[in-house]
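The block underneath contains the structure these notes are about, expressed in structure tokens.
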Amino acid sequence: MMNFALCILFVLRFVLADPNMQELSGTWSSKSNTVFTGPGFYDPVDELLIEPDLPGISYSFTEDGHYEEALYRVTANPRDHSCPSAVLIFQHGTYELLTNGSLILTPIAVDGRQLLSAPCTDDSKSVYSRYNQPTWFEKYQVYVDPYHGRWTLQIYQFDGSKMQPLYLAYRPPNMLPTSALNPTDKASETGTSLRKRARRSLENQYRTSATRVTSKETWWWTAVGVLGVGSFVLFLK
Ligand SMILES: *[C@@H]1O[C@H](CO)[C@@H](O)[C@H](O)[C@H]1NC(C)=O
């Protein structure tokens, strides 16, 4: 009976399921597996973007509509290969899943940050700035990659082109606090005291319930799913 209930759940989840916030929840990271959202990428207390070892992208989603984005892109310089330019971007905010499957990301405008460095073009200086880019994705799919047995998130960008696949790294997600990190934008309020207050409240929120996802776990759930479908089919006969 237990098995029957499980397989009903499984069938409902994968056959009838609309795109839903539950399947999106978690921290997803591109193949390099070096870029993850959370305090390892952006330190909001010191407003510091931390460069990962290799370029990549990461998105986190919560089941209740919050998201976080971490991007690290390196672009080759065709004239001097020892001089690539790099960009680090942090954004977070809320997302909305439309009934037609499109995904809308709305960042908290005051919190986004970008660090651009082009060592050979601007006197080796990096340019650090605010960043606010709402994003619209046409659709996405969540599935188990048949080769690696890993949960995969395939995002289709606004023009229908495929983003590089993202793999599930943490569930629940590894994220910074989802509320505004820099609650004010006004010059009159950017005193040291405010910063100290922000620091104290943030330090406590860093403790996260994120859990690393291992392939073993994915395999187990896949097996449960396959067995579930198997017994469901038997049950119908
Ligand atoms: C979904 O709806 C939005 C808003 O109406 C629209 O802009 C978008 O093109 C639709 N997406 C798809 C995949 O049809």
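Could you check segment 85-118 and list, in sequence order, the residues that are within 16 Å of the ligand (Cβ to nearest atom), in a loop (DSSP other than H, G, I, E, B), on the phi < 0 side of the Ramachandran plot and surrounded by fewer than 16 Cβ atoms within 10 Å (Cβ to Cβ)? Even if it seems obvious, please write down each step before you answer.
Taking segment 85-118 and keeping what is within 16 Å of the ligand (Cβ to nearest atom), we get 95-106.
If we keep only those that are in a loop (DSSP other than H, G, I, E, B) as well, we get 98-102.
Now narrow it down to the ones that are on the phi < 0 side of the Ramachandran plot: 98-100, 102.
Passing the criteria: LEU98, THR99, ASN100.
Applying the selection to segment 139-158, what residues are farther than 16 Å from ASN33 by Cα, part of a strand (DSSP E or B) and not aromatic (Phe, Trp, Tyr)?
Just the residues of segment 139-158 that are farther than 16 Å from ASN33 by Cα, to begin with: 139-144, 146-147, 155-158.
Those still in the list that are part of a strand (DSSP E or B) too: 139-144, 155-157.
Matches in segment 139-158: LYS139, GLN141, VAL142, VAL144, ILE155, GLN157.
Please work out if THR121 is loosely packed, with under 14 Cβ neighbours inside 10 Å, within 16 Å of the ligand (Cβ to nearest atom), among the polar types (S, T, N, Q) and at pLDDT below 95. I'd like the intermediate steps shown before the answer.
On the way: loosely packed, with under 14 Cβ neighbours inside 10 Å: yes; within 16 Å of the ligand (Cβ to nearest atom): no; among the polar types (S, T, N, Q): yes; at pLDDT below 95: yes.
So THR121 fails the test.
Is it the case, given these coordinates, that SER85 is in contact with a Leu (Cβ under 8 Å, 6 or more places away or on another chain), closer than 22 Å to TYR131 by Cβ and at pLDDT 95 or above? Give the derivation first.
Working: in contact with a Leu (Cβ under 8 Å, 6 or more places away or on another chain): yes; closer than 22 Å to TYR131 by Cβ: yes; at pLDDT 95 or above: no.
It is false that SER85 is in contact with a Leu (Cβ under 8 Å, 6 or more places away or on another chain), closer than 22 Å to TYR131 by Cβ and at pLDDT 95 or above.
Would you point out the residue of segment 124-138, among those that are under 20 Å from the mean Cα position of the chain (by Cα) and either on the phi > 0 side of the Ramachandran plot or not in a strand (DSSP E or B) (or both), that is farthest from the ligand (Cβ to nearest atom)?
Initially, segment 124-138 is screened for residues under 20 Å from the mean Cα position of the chain (by Cα), giving 130-138.
Filter once more, so that each one left must be either on the phi > 0 side of the Ramachandran plot or not in a strand (DSSP E or B) (or both): 131-134.
Details: TYR131: 24, ASN132: 20, GLN133: 17, PRO134: 13 Å.
Within segment 124-138, the match that is farthest from the ligand (Cβ to nearest atom) is TYR131.
Can you work out which of the residues in segment 139-168 that are surrounded by 15 or more Cβ atoms within 10 Å (Cβ to Cβ) and aromatic (Phe, Trp, Tyr) is nearest to the ligand (Cβ to nearest atom)?
Here the answer is TYR156.
For segment 19-64, how many residues are assigned to a strand (DSSP E or B) and aromatic (Phe, Trp, Tyr)? Write out each step before concluding.
So in segment 19-64, the residues assigned to a strand (DSSP E or B) come out as 26-29, 42-43, 48-49, 56-61.
Right, trim to aromatic (Phe, Trp, Tyr) and you get 28, 42, 59, 61.
Residues flagged as assigned to a strand (DSSP E or B) and aromatic (Phe, Trp, Tyr) within segment 19-64 amount to 4.
The conditions are (1) in contact with a helix residue (DSSP H, G or I) (Cβ under 9 Å, 6 or more places away or on another chain); (2) surrounded by fewer than 19 Cβ atoms within 10 Å (Cβ to Cβ), and ILE50 fails exactly one of them. Which is it?
All conditions are met except number (1).
The values are calculated or read from the model by the stated rules, or taken from the named source; none is laboratory data. Bear in mind the structure is a predicted one, so any value in this text is a computation, not a measurement. All Cβ positions, even for glycine, are placed from backbone atoms using ideal geometry, and neighbour counts span all protein chains on display.
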